[in-house]
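Note sheet for the following structure.
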Amino acid sequence: MSACGLDFGTSNTTLGVCAPGRAPALVALEGDDVTIPSAIFFDWSSNAVIGRAAVGAYVDGVQGRLLRSLKSALGSSLIDETTQVGRKRLRFTQVIARYLELLKERAEGASGGALTQVVHGRPVHFVDGDPEGDRKAEDALRDIAHSIGFTDVSFQFEPIAAALDYERQVKREEIAMVVDIGGGTSDFSIVRLSPKRRGKADRSGDVLANGGARVGGVDFDRRLSLASVMPLLGFGSPMKRPGLDAPSGYFHDLATWSSINRVYNQHTLREVRDVRRESTQPHLIERLQRVIELQRGHTLAIDVERAKIALSQVDETFIDLGWLEDQLCAKPDRAALVTSSERLTSRIVQTVRECIGQAGLRADQLQALFLTGGTTQIPHVREAVMREMPAARVIEGDTFGSVGMGLTIEAQRRYG
Ligand SMILES: Nc1ncnc2c1ncn2[C@@H]1O[C@H](COP(=O)(O)OP(=O)(O)OP(=O)(O)O)[C@@H](O)[C@H]1O
Ligand SMILES: [Mg+2]
(Lines give C-alpha, C1' and ligand atoms only; values in the text may rest on other atoms or scores of the structure.)
(Ligands and ions follow the chains in the order given, each with its own letter.)
Protein backbone atom coordinates (compact mmCIF):
# COMPACT_ATOMS: atom_id res chain seq x y z
CA MET A 1 0.00 0.00 0.00
CA SER A 2 1.42 3.36 -0.98
CA ALA A 3 0.53 7.01 -1.08
CA CYS A 4 0.69 9.17 -4.15
CA GLY A 5 0.47 12.75 -5.34
CA LEU A 6 -1.87 13.28 -8.29
CA ASP A 7 -1.74 16.32 -10.54
CA PHE A 8 -4.81 15.86 -12.74
CA GLY A 9 -4.31 18.80 -15.06
CA THR A 10 -6.57 20.28 -17.70
CA SER A 11 -4.08 19.28 -20.41
CA ASN A 12 -1.62 16.87 -18.74
CA THR A 13 -1.53 14.58 -15.75
CA THR A 14 1.35 13.37 -13.57
CA LEU A 15 1.38 11.02 -10.61
CA GLY A 16 4.16 10.42 -8.11
CA VAL A 17 4.54 7.66 -5.58
CA CYS A 18 6.17 7.67 -2.16
CA ALA A 19 6.73 4.12 -1.05
CA PRO A 20 8.37 3.41 2.31
CA GLY A 21 12.16 3.69 2.07
CA ARG A 22 12.06 5.26 -1.38
CA ALA A 23 12.41 8.92 -2.41
CA PRO A 24 9.22 10.45 -3.84
CA ALA A 25 9.29 10.09 -7.62
CA LEU A 26 7.01 10.57 -10.60
CA VAL A 27 5.89 7.35 -12.25
CA ALA A 28 6.07 6.62 -16.00
CA LEU A 29 2.46 6.74 -17.19
CA GLU A 30 2.77 6.28 -20.95
CA GLY A 31 5.87 4.51 -22.24
CA ASP A 32 8.79 6.17 -20.45
CA ASP A 33 6.92 9.43 -20.13
CA VAL A 34 5.90 10.71 -16.69
CA THR A 35 3.44 13.14 -18.30
CA ILE A 36 0.29 11.88 -19.96
CA PRO A 37 -2.25 14.05 -21.82
CA SER A 38 -5.54 14.35 -19.93
CA ALA A 39 -7.42 12.81 -22.84
CA ILE A 40 -9.70 9.80 -23.20
CA PHE A 41 -11.07 8.19 -26.33
CA PHE A 42 -14.11 5.91 -26.33
CA ASP A 43 -14.76 3.71 -29.34
CA TRP A 44 -18.34 2.87 -30.30
CA SER A 45 -18.32 -0.15 -27.98
CA SER A 46 -17.38 2.26 -25.16
CA ASN A 47 -13.89 0.80 -24.76
CA ALA A 48 -11.59 3.53 -23.53
CA VAL A 49 -7.94 4.42 -24.11
CA ILE A 50 -6.16 7.38 -22.51
CA GLY A 51 -3.31 9.78 -23.18
CA ARG A 52 -1.40 10.04 -26.45
CA ALA A 53 -3.08 6.81 -27.55
CA ALA A 54 -6.46 8.54 -27.17
CA VAL A 55 -5.44 11.51 -29.31
CA GLY A 56 -3.79 9.07 -31.77
CA ALA A 57 -7.00 7.01 -32.14
CA TYR A 58 -8.95 10.15 -33.01
CA VAL A 59 -6.30 11.45 -35.43
CA ASP A 60 -6.19 8.03 -37.12
CA GLY A 61 -9.92 8.32 -37.75
CA VAL A 62 -11.09 5.52 -35.45
CA GLN A 63 -14.86 5.91 -35.00
CA GLY A 64 -15.57 7.16 -31.52
CA ARG A 65 -15.33 10.13 -29.24
CA LEU A 66 -12.33 12.05 -27.95
CA LEU A 67 -12.59 14.07 -24.75
CA ARG A 68 -9.87 16.46 -23.61
CA SER A 69 -9.81 19.26 -21.09
CA LEU A 70 -12.03 17.18 -18.81
CA LYS A 71 -11.05 19.15 -15.74
CA SER A 72 -12.61 22.27 -17.28
CA ALA A 73 -15.99 20.58 -16.89
CA LEU A 74 -15.59 20.62 -13.11
CA GLY A 75 -15.74 24.38 -12.92
CA SER A 76 -18.60 24.82 -15.40
CA SER A 77 -22.21 23.88 -16.03
CA LEU A 78 -20.91 20.78 -17.86
CA ILE A 79 -20.39 19.13 -14.46
CA ASP A 80 -24.10 18.28 -14.37
CA GLU A 81 -24.34 17.35 -18.06
CA THR A 82 -23.96 14.05 -19.86
CA THR A 83 -22.10 13.35 -23.08
CA GLN A 84 -22.59 10.63 -25.70
CA VAL A 85 -19.91 7.97 -25.33
CA GLY A 86 -20.28 4.94 -27.56
CA ARG A 87 -23.84 3.72 -27.22
CA LYS A 88 -24.45 5.33 -23.85
CA ARG A 89 -24.46 8.75 -22.31
CA LEU A 90 -22.13 9.35 -19.38
CA ARG A 91 -21.94 12.19 -16.91
CA PHE A 92 -18.72 14.19 -17.17
CA THR A 93 -17.83 13.05 -13.66
CA GLN A 94 -18.10 9.43 -14.86
CA VAL A 95 -15.80 10.20 -17.79
CA ILE A 96 -13.24 11.73 -15.41
CA ALA A 97 -13.58 8.71 -13.11
CA ARG A 98 -12.90 6.37 -16.03
CA TYR A 99 -9.83 8.37 -17.04
CA LEU A 100 -8.43 8.46 -13.49
CA GLU A 101 -9.23 4.79 -12.92
CA LEU A 102 -7.22 3.75 -16.00
CA LEU A 103 -4.43 6.10 -14.93
CA LYS A 104 -4.36 4.65 -11.41
CA GLU A 105 -4.17 1.10 -12.78
CA ARG A 106 -1.25 2.13 -14.90
CA ALA A 107 0.55 3.83 -12.02
CA GLU A 108 -0.01 0.76 -9.85
CA GLY A 109 1.45 -1.44 -12.58
CA ALA A 110 4.48 0.83 -12.92
CA SER A 111 5.10 1.25 -9.19
CA GLY A 112 4.34 -2.34 -8.24
CA GLY A 113 1.69 -1.89 -5.58
CA ALA A 114 -1.81 -0.69 -4.72
CA LEU A 115 -2.26 3.06 -4.27
CA THR A 116 -4.67 3.82 -1.48
CA GLN A 117 -3.86 7.33 -0.31
CA VAL A 118 -3.73 10.42 -2.45
CA VAL A 119 -2.91 14.08 -2.20
CA HIS A 120 -4.90 15.52 -5.07
CA GLY A 121 -3.85 18.83 -6.61
CA ARG A 122 -6.46 21.49 -7.14
CA PRO A 123 -6.38 25.00 -8.58
CA VAL A 124 -6.83 27.84 -6.11
CA HIS A 125 -10.14 28.52 -7.89
CA PHE A 126 -11.92 26.11 -10.23
CA VAL A 127 -14.44 28.89 -10.84
CA ASP A 128 -13.87 32.65 -10.54
CA GLY A 129 -15.64 34.35 -7.62
CA ASP A 130 -17.79 31.34 -6.70
CA PRO A 131 -16.76 29.58 -3.46
CA GLU A 132 -19.78 27.27 -3.77
CA GLY A 133 -18.68 26.23 -7.29
CA ASP A 134 -15.16 25.62 -5.96
CA ARG A 135 -16.51 23.40 -3.21
CA LYS A 136 -18.70 21.48 -5.64
CA ALA A 137 -15.73 20.84 -7.94
CA GLU A 138 -13.52 19.63 -5.08
CA ASP A 139 -16.33 17.42 -3.74
CA ALA A 140 -16.74 15.90 -7.20
CA LEU A 141 -13.01 15.08 -7.36
CA ARG A 142 -13.10 13.60 -3.84
CA ASP A 143 -16.09 11.38 -4.72
CA ILE A 144 -14.34 10.25 -7.89
CA ALA A 145 -11.13 9.43 -5.99
CA HIS A 146 -13.09 7.34 -3.46
CA SER A 147 -15.05 5.62 -6.24
CA ILE A 148 -11.83 4.39 -7.89
CA GLY A 149 -10.42 2.91 -4.69
CA PHE A 150 -8.55 5.62 -2.79
CA THR A 151 -9.35 5.33 0.91
CA ASP A 152 -7.61 8.54 2.04
CA VAL A 153 -8.11 11.60 -0.10
CA SER A 154 -6.84 15.09 0.66
CA PHE A 155 -6.13 18.20 -1.38
CA GLN A 156 -3.39 20.75 -1.85
CA PHE A 157 -3.34 23.91 -3.96
CA GLU A 158 -1.30 23.33 -7.12
CA PRO A 159 1.00 26.36 -6.66
CA ILE A 160 1.76 25.36 -3.05
CA ALA A 161 2.75 21.95 -4.38
CA ALA A 162 5.03 23.62 -6.93
CA ALA A 163 6.56 25.64 -4.06
CA LEU A 164 7.37 22.42 -2.19
CA ASP A 165 9.15 21.11 -5.27
CA TYR A 166 11.10 24.35 -5.66
CA GLU A 167 11.97 24.51 -1.95
CA ARG A 168 14.22 21.45 -2.36
CA GLN A 169 16.73 23.68 -4.14
CA VAL A 170 16.40 26.77 -1.91
CA LYS A 171 19.64 27.51 -0.01
CA ARG A 172 18.52 30.32 2.35
CA GLU A 173 15.23 31.81 3.50
CA GLU A 174 13.38 33.78 0.85
CA ILE A 175 9.94 35.02 -0.10
CA ALA A 176 8.92 33.55 -3.42
CA MET A 177 6.07 34.04 -5.82
CA VAL A 178 5.10 30.73 -7.43
CA VAL A 179 3.37 31.09 -10.77
CA ASP A 180 1.66 28.06 -12.33
CA ILE A 181 -0.13 28.86 -15.57
CA GLY A 182 -1.41 25.65 -17.08
CA GLY A 183 -4.07 24.57 -19.54
CA GLY A 184 -7.11 25.66 -17.57
CA THR A 185 -6.12 27.95 -14.73
CA SER A 186 -3.52 30.47 -13.57
CA ASP A 187 -2.49 29.89 -9.97
CA PHE A 188 -0.29 31.92 -7.68
CA SER A 189 1.11 31.51 -4.20
CA ILE A 190 3.41 33.73 -2.20
CA VAL A 191 5.37 31.63 0.26
CA ARG A 192 8.25 31.86 2.72
CA LEU A 193 10.69 29.08 1.91
CA SER A 194 13.87 27.87 3.56
CA PRO A 195 15.84 24.65 4.05
CA LYS A 196 14.96 24.78 7.78
CA ARG A 197 11.23 25.27 7.31
CA ARG A 198 11.07 22.37 4.85
CA GLY A 199 10.73 19.76 7.60
CA LYS A 200 7.93 21.50 9.49
CA ALA A 201 4.60 19.68 9.63
CA ASP A 202 2.42 22.78 9.54
CA ARG A 203 3.39 25.28 6.86
CA SER A 204 0.25 27.41 6.96
CA GLY A 205 2.17 30.30 8.57
CA ASP A 206 4.55 30.36 5.59
CA VAL A 207 1.80 30.85 3.02
CA LEU A 208 1.39 34.61 2.66
CA ALA A 209 -1.19 34.59 -0.15
CA ASN A 210 -2.91 32.43 -2.72
CA GLY A 211 -4.70 33.59 -5.84
CA GLY A 212 -6.00 32.23 -9.08
CA ALA A 213 -8.08 32.84 -12.17
CA ARG A 214 -9.79 30.54 -14.60
CA VAL A 215 -7.46 31.50 -17.43
CA GLY A 216 -5.16 28.99 -19.08
CA GLY A 217 -3.77 27.64 -22.33
CA VAL A 218 -7.15 26.44 -23.58
CA ASP A 219 -8.36 30.06 -23.48
CA PHE A 220 -5.35 31.15 -25.54
CA ASP A 221 -6.22 28.34 -27.98
CA ARG A 222 -9.82 29.56 -28.18
CA ARG A 223 -8.86 33.19 -28.81
CA LEU A 224 -6.30 32.23 -31.46
CA SER A 225 -8.78 29.91 -33.15
CA LEU A 226 -11.49 32.59 -33.23
CA ALA A 227 -8.98 35.10 -34.60
CA SER A 228 -7.28 33.03 -37.27
CA VAL A 229 -9.19 29.83 -38.12
CA MET A 230 -12.91 30.29 -37.41
CA PRO A 231 -13.25 33.29 -39.78
CA LEU A 232 -12.33 30.85 -42.58
CA LEU A 233 -15.39 28.81 -41.54
CA GLY A 234 -17.71 31.81 -41.56
CA PHE A 235 -17.26 33.26 -38.07
CA GLY A 236 -18.25 36.93 -38.25
CA SER A 237 -19.56 36.61 -41.83
CA PRO A 238 -22.75 38.54 -42.70
CA MET A 239 -26.13 36.93 -43.23
CA LYS A 240 -28.51 38.08 -45.97
CA ARG A 241 -30.58 39.87 -43.36
CA PRO A 242 -28.87 43.24 -42.88
CA GLY A 243 -26.99 43.75 -39.64
CA LEU A 244 -26.89 40.06 -38.78
CA ASP A 245 -23.78 37.83 -38.64
CA ALA A 246 -23.68 34.04 -38.68
CA PRO A 247 -24.61 32.80 -35.16
CA SER A 248 -21.38 32.70 -33.17
CA GLY A 249 -22.20 29.78 -30.82
CA TYR A 250 -20.99 27.03 -33.21
CA PHE A 251 -17.63 28.74 -33.61
CA HIS A 252 -17.16 29.26 -29.88
CA ASP A 253 -18.00 25.61 -29.20
CA LEU A 254 -15.59 24.43 -31.90
CA ALA A 255 -12.84 26.68 -30.56
CA THR A 256 -13.24 25.41 -26.98
CA TRP A 257 -11.68 22.03 -26.17
CA SER A 258 -14.33 21.01 -23.64
CA SER A 259 -17.34 21.80 -25.81
CA ILE A 260 -16.31 20.59 -29.28
CA ASN A 261 -18.41 17.41 -28.97
CA ARG A 262 -21.51 19.54 -28.44
CA VAL A 263 -21.74 20.38 -32.14
CA TYR A 264 -21.50 16.79 -33.38
CA ASN A 265 -25.21 16.06 -33.73
CA GLN A 266 -27.92 16.03 -36.39
CA HIS A 267 -29.81 18.94 -34.85
CA THR A 268 -26.79 21.27 -35.11
CA LEU A 269 -26.11 20.05 -38.64
CA ARG A 270 -29.65 20.93 -39.71
CA GLU A 271 -29.28 24.38 -38.15
CA VAL A 272 -25.96 24.96 -39.90
CA ARG A 273 -27.51 24.00 -43.26
CA ASP A 274 -30.19 26.64 -42.62
CA VAL A 275 -27.51 29.20 -41.75
CA ARG A 276 -25.74 28.36 -45.02
CA ARG A 277 -28.88 29.06 -47.01
CA GLU A 278 -29.28 32.46 -45.32
CA SER A 279 -25.60 33.41 -45.51
CA THR A 280 -24.08 35.93 -47.96
CA GLN A 281 -20.97 33.68 -47.96
CA PRO A 282 -22.35 30.14 -48.12
CA HIS A 283 -18.98 28.72 -49.24
CA LEU A 284 -17.55 29.60 -45.78
CA ILE A 285 -20.46 28.05 -43.87
CA GLU A 286 -20.10 24.98 -46.06
CA ARG A 287 -16.65 24.47 -44.53
CA LEU A 288 -18.19 24.68 -41.05
CA GLN A 289 -20.76 22.11 -42.12
CA ARG A 290 -18.03 19.80 -43.38
CA VAL A 291 -16.03 20.03 -40.14
CA ILE A 292 -19.14 18.97 -38.22
CA GLU A 293 -20.06 16.21 -40.68
CA LEU A 294 -16.53 14.80 -40.52
CA GLN A 295 -16.33 15.37 -36.74
CA ARG A 296 -12.97 17.07 -37.26
CA GLY A 297 -13.35 19.84 -34.66
CA HIS A 298 -10.61 18.29 -32.55
CA THR A 299 -8.29 18.26 -35.54
CA LEU A 300 -8.68 22.03 -35.76
CA ALA A 301 -8.12 22.38 -32.01
CA ILE A 302 -5.01 20.18 -32.09
CA ASP A 303 -3.59 22.22 -34.97
CA VAL A 304 -4.39 25.54 -33.32
CA GLU A 305 -2.72 24.42 -30.08
CA ARG A 306 0.32 23.26 -32.04
CA ALA A 307 0.45 26.64 -33.81
CA LYS A 308 0.19 28.49 -30.48
CA ILE A 309 3.08 26.44 -29.08
CA ALA A 310 5.15 27.07 -32.23
CA LEU A 311 4.55 30.81 -31.79
CA SER A 312 6.50 30.66 -28.51
CA GLN A 313 9.57 30.12 -30.74
CA VAL A 314 8.78 31.62 -34.15
CA ASP A 315 7.01 34.76 -35.36
CA GLU A 316 4.59 33.12 -37.76
CA THR A 317 3.33 29.67 -38.53
CA PHE A 318 1.04 27.75 -40.82
CA ILE A 319 -2.04 25.54 -40.35
CA ASP A 320 -2.70 23.30 -43.32
CA LEU A 321 -6.45 22.98 -43.91
CA GLY A 322 -6.06 21.18 -47.24
CA TRP A 323 -8.13 18.28 -45.87
CA LEU A 324 -11.06 20.68 -45.65
CA GLU A 325 -10.65 22.44 -48.96
CA ASP A 326 -7.92 22.35 -51.56
CA GLN A 327 -5.12 24.85 -50.78
CA LEU A 328 -6.88 26.21 -47.71
CA CYS A 329 -4.59 27.31 -44.87
CA ALA A 330 -4.44 29.66 -41.90
CA LYS A 331 -1.36 31.70 -41.08
CA PRO A 332 -1.46 32.77 -37.46
CA ASP A 333 1.40 34.97 -36.28
CA ARG A 334 2.66 36.10 -32.92
CA ALA A 335 0.97 39.49 -33.24
CA ALA A 336 -2.39 37.71 -33.68
CA LEU A 337 -1.73 35.64 -30.56
CA VAL A 338 -0.75 38.71 -28.53
CA THR A 339 -3.73 40.78 -29.70
CA SER A 340 -6.31 38.02 -29.42
CA SER A 341 -5.18 37.17 -25.87
CA GLU A 342 -4.84 40.71 -24.54
CA ARG A 343 -7.71 40.36 -22.08
CA LEU A 344 -6.42 37.00 -20.83
CA THR A 345 -2.95 38.41 -20.21
CA SER A 346 -4.30 41.41 -18.32
CA ARG A 347 -6.47 39.13 -16.21
CA ILE A 348 -3.35 37.14 -15.27
CA VAL A 349 -1.45 40.33 -14.40
CA GLN A 350 -4.37 41.65 -12.36
CA THR A 351 -4.53 38.40 -10.35
CA VAL A 352 -0.76 38.60 -9.69
CA ARG A 353 -1.25 42.14 -8.34
CA GLU A 354 -4.14 41.08 -6.14
CA CYS A 355 -2.06 38.25 -4.76
CA ILE A 356 0.84 40.59 -3.88
CA GLY A 357 -1.65 42.98 -2.26
CA GLN A 358 -3.21 40.13 -0.27
CA ALA A 359 0.25 39.23 1.11
CA GLY A 360 0.67 42.84 2.28
CA LEU A 361 3.93 43.13 0.36
CA ARG A 362 5.46 45.52 -2.12
CA ALA A 363 6.44 43.90 -5.40
CA ASP A 364 10.14 44.59 -4.68
CA GLN A 365 9.97 42.43 -1.56
CA LEU A 366 9.51 39.30 -3.67
CA GLN A 367 12.96 37.75 -3.98
CA ALA A 368 12.22 34.84 -6.27
CA LEU A 369 9.77 34.10 -9.05
CA PHE A 370 9.27 30.39 -9.73
CA LEU A 371 7.61 29.62 -13.05
CA THR A 372 5.86 26.40 -13.95
CA GLY A 373 2.99 25.27 -16.21
CA GLY A 374 2.96 25.15 -20.01
CA THR A 375 1.46 28.61 -20.56
CA THR A 376 4.42 30.32 -18.81
CA GLN A 377 6.30 29.39 -22.00
CA ILE A 378 4.36 32.01 -23.99
CA PRO A 379 6.86 34.91 -24.18
CA HIS A 380 4.42 37.80 -23.77
CA VAL A 381 2.71 36.11 -20.82
CA ARG A 382 5.91 35.41 -18.91
CA GLU A 383 7.25 38.89 -19.67
CA ALA A 384 4.03 40.47 -18.38
CA VAL A 385 4.31 38.47 -15.14
CA MET A 386 8.03 39.22 -14.74
CA ARG A 387 7.41 42.96 -15.16
CA GLU A 388 5.25 42.88 -12.02
CA MET A 389 8.23 41.91 -9.82
CA PRO A 390 11.36 43.19 -11.53
CA ALA A 391 13.58 42.59 -8.47
CA ALA A 392 12.82 38.88 -8.27
CA ARG A 393 15.27 36.22 -9.44
CA VAL A 394 13.50 34.07 -12.04
CA ILE A 395 13.67 30.30 -11.62
CA GLU A 396 12.45 28.00 -14.33
CA GLY A 397 10.64 25.01 -12.79
CA ASP A 398 10.03 21.65 -14.38
CA THR A 399 7.27 22.98 -16.65
CA PHE A 400 5.10 19.87 -16.53
CA GLY A 401 6.36 18.03 -13.44
CA SER A 402 6.77 20.46 -10.55
CA VAL A 403 3.20 20.31 -9.27
CA GLY A 404 3.04 16.49 -9.37
CA MET A 405 6.40 16.24 -7.62
CA GLY A 406 5.34 18.70 -4.90
CA LEU A 407 2.09 16.78 -4.32
CA THR A 408 4.12 13.60 -3.91
CA ILE A 409 6.38 15.30 -1.35
CA GLU A 410 3.22 16.40 0.46
CA ALA A 411 1.81 12.84 0.29
CA GLN A 412 4.95 11.56 2.00
CA ARG A 413 4.58 14.18 4.73
CA ARG A 414 0.89 13.42 5.28
CA TYR A 415 0.78 9.67 4.82
CA GLY A 416 4.37 8.42 4.80
N1 LIG B 1 6.00 25.85 -25.43
C2 LIG B 1 4.76 26.22 -25.14
N3 LIG B 1 4.31 27.47 -25.45
C4 LIG B 1 3.05 27.83 -25.17
N5 LIG B 1 2.14 27.05 -24.58
C6 LIG B 1 2.53 25.81 -24.25
C7 LIG B 1 3.84 25.33 -24.51
N8 LIG B 1 3.91 24.05 -24.08
C9 LIG B 1 2.70 23.74 -23.58
N10 LIG B 1 1.86 24.79 -23.68
C11 LIG B 1 0.46 24.88 -23.25
O12 LIG B 1 0.43 24.66 -21.85
C13 LIG B 1 -0.82 24.06 -21.49
C14 LIG B 1 -0.56 22.82 -20.67
O15 LIG B 1 0.22 23.17 -19.56
P16 LIG B 1 0.20 22.26 -18.26
O17 LIG B 1 0.49 20.85 -18.60
O18 LIG B 1 1.06 22.95 -17.26
O19 LIG B 1 -1.33 22.40 -17.85
P20 LIG B 1 -2.19 21.49 -16.87
O21 LIG B 1 -1.41 21.26 -15.63
O22 LIG B 1 -2.68 20.30 -17.59
O23 LIG B 1 -3.44 22.46 -16.60
P24 LIG B 1 -4.02 23.11 -15.25
O25 LIG B 1 -2.95 23.08 -14.21
O26 LIG B 1 -4.39 24.50 -15.63
O27 LIG B 1 -5.20 22.28 -14.91
C28 LIG B 1 -1.54 23.74 -22.78
O29 LIG B 1 -2.51 24.72 -23.03
C30 LIG B 1 -0.42 23.79 -23.82
O31 LIG B 1 -0.90 24.16 -25.09
MG1 LIG C 1 -1.20 22.19 -13.86
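The values are calculated or read from the model by the stated rules, or taken from the named source; none is laboratory data. The structure displayed is predicted, hence computed values, not measured ones. Backbone-built Cβ (ideal geometry, glycine too); neighbour counts: all protein chains shown.
Observations on the model:
- The single residue among Val403, Val394 that is under 20 Å from the mean Cα position of the chain (by Cα) and of a type outside the set (Ser, Thr, Tyr) turns out to be Val403.
- Applying the set (1) at positive phi; (2) more than 16 Å from ligand 1 (Cβ to nearest atom) to Ser69 leaves exactly one unmet item: (2).
- The listed residue being over 17 Å from Thr256 (Cα atoms), of a type in the set (Phe, Trp, Tyr) and more than 16 Å from ligand 2 (Cβ to nearest atom), out of Phe41, Phe8: Phe41
- Scanning region 11-23 for residues that are touching a strand residue (DSSP E or B) at 6+ places or on another chain (Cβ under 7 Å) and either more than 16 Å from ligand 2 (Cβ to nearest atom) or not hydrophobic (A, V, I, L, M, F, W, C) (or both) yields Ser11, Asn12, Thr13, Thr14, Gly16, Val17, Cys18, Ala19.
- Under the condition of being within 19 Å of Ala359 (Cβ to Cβ) and either near ligand 1 (Cβ under 8 Å from one of its atoms) or of a type in the set (Gly, Ala, Ser) (or both), the residues counted in region 373-402 number 2.
- Neighbours by Cβ (under 7 Å, 6+ apart or cross-chain): first from region 94-105, assigned by TED's automatic domain parsing to the domain that holds Ala48; second part of a helix (DSSP H, G or I) and crowded, with 24+ Cβ neighbours inside 10 Å: Val95/Leu70; Ile96/Leu70; Tyr99/Leu70
- Residues of region 334-363 that are within 17 Å of Gly217 (Cβ to Cβ) and of a type in the set (Gly, Ala, Ser): Ala336, Ser340, Ser341, Ser346.
- Being under 25 Å from Glu410 (Cα atoms), in a loop (DSSP other than H, G, I, E, B) and not assigned by TED's automatic domain parsing to the domain that holds Thr256 is a description that applies to Ala28.
- Filter pass, Ser279 being in contact (Cβ under 8 Å) with a residue 24 or more places away in the chain and of a type in the set (Gly, Ala, Ser): yes
- Matching option when the condition is within 16 Å of ligand 2 (Cβ to nearest atom) and free of Cβ contacts under 8 Å to residues at least 60 places away in the same chain, among Glu396, Glu383: Glu396
- Taken over region 200-218, the criterion of being in contact with a Ser or Thr (Cβ under 9 Å, 6 or more places away or on another chain) and either within 14 Å of ligand 2 (Cβ to nearest atom) or polar (S, T, N, Q) (or both) is satisfied by Asn210, Gly212, Ala213, Arg214, Val215, Gly216, Gly217, Val218.
- Residue within region 116-130 that is away from ligand 2 (no atom under 16 Å from the Cβ), modelled with pLDDT under 95 and either in a helix (DSSP H, G or I) or not assigned by TED's automatic domain parsing to the domain that holds Ser76 (or both) present: no
- Of all residues in region 46-75, those satisfying the criterion of being farther than 25 Å from Ala28 by Cβ and part of a strand (DSSP E or B) are Gly64, Arg65.
- Enumeration of residues in region 369-412 that are surrounded by fewer than 19 Cβ atoms within 10 Å (Cβ to Cβ), polar (S, T, N, Q) and in a helix (DSSP H, G or I): Gln377
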